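Report on the following structure.
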Amino acid sequence: MRLFRLIPLYTALALGANAALAADAETLAPLRDGSLKRLILHKEPKPVEAVEFELEDDGGTASLADYKGKYVLLNFWATWCAPCRKEMPQIAELQDEFGGDKFEVLTLATGRNSPAGIKKFFDENGIDNLPRHQDPKQAVAREMGVIGLPITVIIDPEGNEIARLIGDAEWNSDSAKAIISTLVEANS
């Protein structure tokens, strides 16, 4: 067998077949188009700390570690953020199409956002399939270097950040769906 045929096999064995594809910026880069061209694909996965955030309605807490085993599209947003208002229904479409055992959209209202204000925001935008979790003291946002809103981070099943997009994007575009589909298929 020639060496060029062994390199992909070696990479898959060294990283794990799913992680190799998910972390491979070269695989995902050609799928970026339109506003998704701004999606920064990390060459190396970045570990994410398990900082707690507040769960909607029940007053409990969770952390990103609770989502290990699936890809997570983590969206930092706020009720006062106009670009967030524009993209949230599109992000909800991703959850409708891909949400399940291998992928989940996690929305995290960052900063001062009242539960009533968040509920009103979701109701006004017809969103009923996304969580209304909160990061009121911006602990998760600070830990993850969130400098503005919206910021969307893709986290792999091992709990590492593999991509980040600063600002809003067309999350219901063919490009976004191709990226998520490729990740989900890699986790099969």
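Of all the C-alpha pairs in region 53-188, what % are more than 26 Å from each other?
14 percent
Among bridges DSSP assigns within region 32-171, what percent are antiparallel (round to 5)?
Close to 65 percent.
Accessible area of the chain with a 1.4 Å probe: how many percent of it is carbon plus sulfur?
C and S atoms contribute 51 percent here.
So what is the accessible area of the chain per residue, in Å², with the probe set to 1.4 Å?
Heavy-atom SASA per residue in the chain reads 51 Å².
Of the listed peptides 133-142, 160-169, what is their order by residue-averaged count of other C-beta atoms within 10 Å, with the highest listed first?
160-169, 133-142
Give the residue from 138, 151, 114 lying farthest towards the positive end of the charge dipole for the chain; charges sit on Cβ (+1 for Lys and Arg, -1 for Asp and Glu) and the dipole is referred to the Cα centre.
Checking the options against the dipole of the chain, the answer is 151.
Extending each Cα 7 Å along its Cβ direction at residue 40 and residue 128, get the distance between those two points in nm, one decimal.
Placing both labels 7 Å along Cα→Cβ, they lie 3.8 nm apart.
Quick check: Cα centre of region 26-73 to Cα centre of region 139-167, how many Å?
Using only Cα atoms, the two centres lie 6 Å from each other.
Using 0.36 nm times the number of residues separating residue 112 and residue 66, minus their current alpha carbon distance, what extension gain do you get?
Separation in residues times 0.36 nm, less the Cα-Cα distance, equals 14.2 nm.
Taking amide H positions as placed 1.01 Å from N in the peptide plane, with prolines and chain starts having none, which residues 5 or more places from residue 105, or on another chain, fall under 5 Å of its amide H?
Those qualifying (amide H under 5 Å, at least 5 residues apart or on another chain) are 73.
Using 7 Å Cα-to-Cβ label points, what is the residue 50/residue 143 separation (nm, one decimal)?
Distance between the two pseudo-spin positions: 1.0 nm.
May I ask you to derive the FRET efficiency for residue 57 and residue 158 from their Cβ-Cβ distance with R0 = 22 Å, giving the value to the nearest 0.05?
0.15
The values are calculated or read from the model by the stated rules, or taken from the named source; none is laboratory data. Keep in mind that what you see is a predicted model, and the values were worked out from it rather than measured. So basically every Cβ, Gly included, is an ideal-geometry build from the backbone, and we count neighbours across all protein chains shown. Remember, those area values only see protein heavy atoms, side chains included, never the ligands or the DNA or RNA. Shrake-Rupley method; radii C 1.70, N 1.55, O 1.52, S 1.80 Å.
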